[in-house]
1. Picking from B:181, B:73, B:45, which is most flexible by a Gaussian network model of chain B using Cα springs under 10 Å?
2. Give me the Debye-computed log₁₀ of I(q)/I(0) at q = 0.11 Å⁻¹ for the protein assembly as shown, equal point scatterers on Cα only, no solvent, two decimals.
3. With no solvent and one equal point scatterer per Cα, compute the Debye intensity ratio I(q)/I(0) for segment B:3-230 at 0.07, 0.08, 0.10, 0.18 Å⁻¹ and report its log10, rounded to two decimals.
4. Return the Rg/Rh value of segment A:2-267, two decimal places, where both radii are evaluated on C-alpha atoms and Rh is the Kirkwood radius.
5. Output the 0 to 90 degree angle, nearest 10, between the alpha-carbon long axis of helix B:271-285 and the longest principal axis computed from the alpha carbons of chain B.
6. Beyond a 25 Å Cα-Cα separation, which of these cross-linked pairs lie in this structure: B:152/B:241; A:19/A:142; A:19/A:266; B:88/B:241; A:142/B:56; B:37/B:187?
7. Per DSSP H run of at least 4 residues, take -39500 (n - 2.57); add these up for the protein assembly as shown, divide by its residues and hand me the 222 nm value, nearest 500 deg cm²/dmol.
8. When Rg is the radius of gyration of the Cα atoms in segment A:8-159 and Rh is its Kirkwood radius, what does Rg/Rh come to?
Amino acid sequence: MISDITIGQYYKGNSFIHKLDARAKILLTVLFIAMIFMCKNFLSLGLTFVFVVLSVLLSAVPVKMYLKSLKPIIPIVIFTAVLNMLYTGGETVLYSFWKITLTAEGLTTAAFFAARIVLIIISSSILTYTTVPTMLTDAIEKLLSPLKVFKIPVHSLAMMMTLALRFIPTLIEEIGKITNAQKARGADFESGKLLQRIKAIIPIIIPLVVSSFRRAAELADAMNCRCYTGGNTRTRMKQMKFCFKDFVSLLVFCIGIAGVVLLNIKFGAVI
Amino acid sequence: MENYIEFKDVSFAYIDEYDSTTENETVIDNLSVSITKGDFVCVLGHNGCGKSTFAKLCNAIEVPLSGKVYVDGIDTSDDDRLYDIRRKVGMVFQNPDNQIVATIVEDDVAFGPENLGVEPSEIRVRVDEALRQVEMYDFRLSEPHKLSGGQKQRVAIAGIIAMQPECIILDESTSMLDPRGRREVIKTVKKLNEEQGITVIFITHYMDEAVEADRVIVMDDGKIVLDGTPRDVFVHIDELKEIGLDVPEATELTAMLIKEGVSLREDILDVEELFDSVVKLMEEKS
């Protein structure tokens, strides 16, 4: 179980998208999501879909990986689609049975919502698959740095994110160890009613929390020993550079959004 | 020789901030000792003898309650020079998981120099150099949690070397490792000590590791009990046993043989040496 945890979910590669600046990638993802939500008819949705497919191809990450990231949200997609299908009122009734009426409008809304969720997941997966977690947190730090004016500790927040990511596998390993230790003492995690099972987790949570505090104290000592004093005088080994290709990518996406808007106006909204 | 770290009548106790009524137990008791530059010093002692506190006093994580600690002439209680001391004296801890900060090996090694404000291009050079020295260069893009214990500790050592310290303290850094990991770590620090002249303070409770040192300091109850070369120290078998420590197996076996009337030198440290002496003795007899 432990061996297949990848932090973040970075997929090693050397593609065009891998090489883009992390800040640019975060902005692109934001633009992507904006684009997805601005689609009002099937033509603009189609345009967005083309953008997603091209980005997926450019990322050189196997399509299988994207399908894997979609798998856990399939129930949510189905759930929203069904709800939208049933509760969207409309005039063009296609099928009616007992209290259930299917309308063309309902089907359209359902299709749109499902497509939006799927596209958002894929576009954010492109970001996490192609960016090293540390670069991601660095980029967030840089992008949020204007907030320092309002005395928001941007560097500390970014450092906390890095450390959280760093300790996820360590803590998962620890949970495994504690679970086994409790099982060896006769703890039962598999049977009983829901409430009993929830109660059974307590003997895992408490040692985990206690040991996390111990880890935190040790980590703080170790960071002190390595002269960590906060973000003020720090330099970074990996410098981020906003290059030509980053600007071009952003430009292309802005054109894409303009295209979506134009298509919306020209062919009207169906949703 | 030049004294690098100097303890002058140092006492230390952990004070319970929330309960002033309890007596504070003295951890370090009026200790005076100095460490010579370039030495490989091994500090031995059973759990709770104050050896970890000794390490923390060396790079100003803790400051003595009374007495003074000087590192390269700097008083550790001088707050303004705290980071001067810490960049000179690096520390590797016991649990490799709790001292690695980044999710990629090379980013972790870069953490120290980044904190010191070193130029990015210079950091790159230092990181590559440090990783080569601990023989982890091929793993520079790996995720730390996928490495073995010994490899993680070597990454931690690289993280310290990248700060170009003059002294490295290993606070029981081998105690959570398997024998192979322990050998890797010892080999690495030994090399750094010999090739770069870095002073090493190696804190452990494994006797076999102490055999390699230039000097062995044995601590008990916050005091130094024995201090000298491994040969000088390990002949005191009874005293070591009394404070709950072992001696290297070969030394103990030698002592037993001597008791039985075999005429051997008593300061034998490893099996090979013992074997050679016994062979020599038998040749003389026949």
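Each value in this text was obtained by applying a stated rule to the coordinates, not by laboratory testing. Just so it is clear, the model here is predicted, and its values are computed rather than measured. Here Cβ is always computed from backbone atoms with ideal geometry, including for glycine, and neighbour counts include all displayed protein chains.
1. B:73
2. At q = 0.11 Å⁻¹ the computed log10 ratios are -1.10.
3. These q points yield log10 I(q)/I(0) values of -0.22, -0.28, -0.45, -1.35.
4. Details: Rg = 23.7 Å, Rh = 22.5 Å.
Reported Rg/Rh (Cα atoms, Kirkwood Rh): 1.06.
5. The helix B:271-285 is inclined about 20 degrees to chain B.
6. Too far apart for the 25 Å limit: B:152/B:241; A:19/A:266; B:88/B:241; A:142/B:56.
7. Values: 21 runs with 300 residues, N = 557.
Using -39500 (n - 2.57) per qualifying helix, the result is -17500 deg cm²/dmol.
8. Radius of gyration relative to Kirkwood radius: 1.09.
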